[in-house]
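First up is the structure itself, then whatever we jot down about it.
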Amino acid sequence: MPLTEAQPDALANMYARSLFELARSRGERPLIEEIQAELEEILELARQDRRFSEFLASRSLGNKERTASLLAIFKGRIGDLTLRFLMVLQSKGRLSHLPAIVAAYDAIAQKAFGRVEVDVFTAAPLSPDELGGVRERLARVLNKEVVVHPYTDGAMIGGVKIRIGDQLIDASVATKLRKLRDQLANEGAARLRSRIPGILGEHP
């Protein structure tokens, strides 16, 4: 089975806190953010490639085989601390817990830096200027430093969806149309019910 998105739990928080403190002891904010970005990229790769996701989540692979594969995939492509952290998760059989650990690491970093990370979904990719405008507006509203992660959702007709933590703010055209359709359906049924006595020749 592939990796599944998960909210941080006690185990995820323990691993994330250990990694964060180790990074902070070595390089402060730049290293912390570098590790954060690398972990997010690994998760995004897993989201896009089911085989890679299943490779991370599978418990059937032997330790030596998966360790060798991880080194072949990531050595020289990610930082040493991030790679060694993946090796620790591998040795403990915790790679399948990676989504929750990354979510916990993000939350710890956000709290430490007074920052909030926001996922922005649009039907078409945003230009750098559009992305900057979204970031500035969110920063004013939230009164925090905002890091925007843009995603393209082909199922959207237009508009934007914003996810902050576990809260989803949906302003997409598809959602507006669906709400309008539901509203019309409900109002139509109510009007029909109000006309039933007249149709039957009865009087209220």
Query raised in the report: What number of residues within the stretch 66-109 satisfy the criterion of being in contact (Cβ under 8 Å) with a residue 24 or more places away in the chain and not in a helix (DSSP H, G or I)?
Result: 4
Report task. Sort out which residues of the stretch 83-122 are within 18 Å of the chain's Cα centre (by Cα) and hydroxyl-bearing (S, T, Y), and write them in order of number. Result -> S96, Y105, T122
Query raised in the report: Among the strands (runs of 3 or more DSSP E) confined wholly to the stretch 128-172, which include 3 or more residues that are surrounded by 11 or more Cβ atoms within 10 Å (Cβ to Cβ) and among the β-branched types (V, I, T)?
Result: 145-152, 160-164
**Report entry** Scan of the stretch 110-127 for residues that are part of a helix (DSSP H, G or I) and surrounded by 13 or more Cβ atoms within 10 Å (Cβ to Cβ), ordered by number
**Finding:** Q110, F113
Report task. State which residue pairs qualify: first residue polar (S, T, N, Q) and inside the stretch 110-125, second residue assigned to a strand (DSSP E or B) in any location, beta carbons under 8 Å apart, and separation of 6 or more residues or different chains. Result -> Q110/V116; Q110/E117; T122/P150; T122/Y151; T122/T152; T122/V160; T122/K161
Report task. Check whether at least one residue in the stretch 95-102 is of a type in the set (G, A, S), surrounded by 15 or more Cβ atoms within 10 Å (Cβ to Cβ), under 19 Å from A16 (Cβ atoms) and at pLDDT 90 or above, and report yes or no. Result -> yes
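The values are calculated or read from the model by the stated rules, or taken from the named source; none is laboratory data. What you see is a predicted model, and the numbers here were worked out from it, not measured in a lab. Using ideal geometry, Cβ is built from the backbone for each residue, glycine included, and neighbour counts are taken over all protein chains shown.
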